[in-house]
Structure formats: structure tokens, C-alpha cells
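Here the structure is laid out as C-alpha cells; the discussion comes afterwards.
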Amino acid sequence: MGTKQARWAKIREVLQTERIDTHEKLAAVLRRAGIVVSQSTLSKDLHELGVVRVVDAEGGLRYGPAEAGATLYDRRILERELRDYLVSVQPAQNLLVVRTAAGHAQSVCEALDRMGWTEIVGTIAGENTIFVATATPTAAAAVRRRINRVLRAKA
């Protein structure tokens, strides 16, 4: 296993077993395990691994996988991504066809995925179009309403 893969494996292990809330704490734990990493490399690793700051069961902040839930700060960033680049949303049974500004479907799709909306069961993005799959037409309508609320909040 290469250095990067080994480092990533250790980061995943540490984040599952310990409450880590700062880069410094994570770097210290990695150092104790014999992995010396710079601040910039660690930041890049966390980004590439999809690690975000999440609220834990005790109400404190810690690092965790994106699917563990986005923080309020993350949600504001994700909502801004939707407001800035989303063009339209159209229903298609239990699917939504989401149009974005050219070249922004991937980032808007990532924002939708990271929002953690339980109605969404999957997404796929192209250049300027995203298909959002939901379990039911009712769930699709709920996601459409949520997206429209974000769009109405445009300043």
C-alpha cells in the first residue's frame, strides 16, 4: 500500500475510533502512528476523503464523513452553491431533472449529496444536468420544494 493510501487508511481508522475536532489533533495522532504530514497535505486529504466537521451525539463538533451530516456552516456553503449555479428543477415521476449553469453540475450535485436530504436516494451529474432519484413521486416533490426554497433565498 502506497504512502497516501496508508495515510488515508489511518485517517479513516482514527476518525472512526477517536473524537478529532482539529487538524492539529489529527496530525498529532498520525505522528504517534509514525505518519508525519504537513498541514496542507492533511487539509487536502480530508477534502479528498470527503471529511467534514459534523455535530456529534454530545453536540460537539468533530471530523467525520460527509454522509454523517453537514454542519450549519457547510450547509450555508452548499446552499450558496445551489443558489449560484442552479438554473431549474423539473419533475419526472420519482426523478428530478436539475439544470445548472454550464460546467457546474458536478459541484451542485455534490452540494445536493452533502445536504443529507433523506428523500434523495441517488444523484448523477453531467455537464449542466443532474438526475436526482427519489423513492417516490411525493419525495421528488418534497426535494423540489426544498430546492425552490433555497432558490427563493437568493439575495
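The values are calculated or read from the model by the stated rules, or taken from the named source; none is laboratory data. Since we're looking at a predicted model, the values are computed, not measured. Every residue, glycine among them, receives a Cβ derived from its backbone with ideal geometry; neighbour counts consider all protein chains shown.
Take Leu78 and decide whether it is modelled with pLDDT of 75 or more, surrounded by 19 or more Cβ atoms within 10 Å (Cβ to Cβ) and either outside the structural domain of His23 (by TED's automatic domain parsing) or over 22 Å from Glu24 (Cβ atoms) (or both). No: the conditions fail for Leu78.
Determine, yes or no, whether Tyr63 is among the hydroxyl-bearing types (Ser, Thr, Tyr), at pLDDT below 80 and not in a helix (DSSP H, G or I). Judged against the criteria, Tyr63 is a match. Considering the conditions (1) surrounded by fewer than 19 Cβ atoms within 10 Å (Cβ to Cβ); (2) out of contact with any Asp or Glu (no Cβ under 9 Å at 6 or more places or on another chain); (3) under 26 Å from Arg53 (Cβ atoms), Pro137 is excluded by exactly one of them, (3). Select, from Ala101, Ala141, Ala125, Ala111, the only residue that is out of contact with any Lys or Arg (no Cβ under 6 Å at 6 or more places or on another chain) and over 16 Å from Glu81 (Cα atoms). Among Ala101, Ala141, Ala125, Ala111, only Ala141 is out of contact with any Lys or Arg (no Cβ under 6 Å at 6 or more places or on another chain) and over 16 Å from Glu81 (Cα atoms). Picking from residues in the stretch 1-13 that are aliphatic (A, V, I, L, M) and within 20 Å of the chain's Cα centre (by Cα), the one that is farthest from Tyr63 (Cα to Cα) is Ala9.
Consider the stretch 120-133 and keep the residues that are polar (S, T, N, Q) and either out of contact with any strand residue (DSSP E or B) (no Cβ under 6 Å at 6 or more places or on another chain) or under 15 Å from Ile147 (Cβ atoms) (or both). The one that is surrounded by the most Cβ atoms within 10 Å (Cβ to Cβ) is Thr123.
Taking the stretch 120-155 as the range and being assigned to a helix (DSSP H, G or I) and in contact (Cβ under 8 Å) with a residue 12 or more places away in the chain as the test, the residues that pass are Pro137, Ala139, Ala140, Ala141, Ala142, Val143, Arg144, Arg146, Ile147, Asn148, Val150, Leu151. Within the stretch 11-42, which residues are out of contact with any Leu (no Cβ under 6 Å at 6 or more places or on another chain), in a helix (DSSP H, G or I) and not hydrophobic (A, V, I, L, M, F, W, C)? Those that are out of contact with any Leu (no Cβ under 6 Å at 6 or more places or on another chain), in a helix (DSSP H, G or I) and not hydrophobic (A, V, I, L, M, F, W, C): Arg12, Glu13, Gln16, Thr17, Glu24, Lys25, Arg31, Arg32, Gln39, Ser40, Thr41. When the residues of the stretch 108-134 are filtered to those that are within 28 Å of Arg53 (Cβ to Cβ) and among the charged types (D, E, K, R), the one that is modelled with the lowest pLDDT is Arg114.
Across the stretch 102-119, which residue is farthest from the chain's Cα centre (by Cα) among those that are surrounded by fewer than 15 Cβ atoms within 10 Å (Cβ to Cβ) and in a loop (DSSP other than H, G, I, E, B)? This residue is Ala102.
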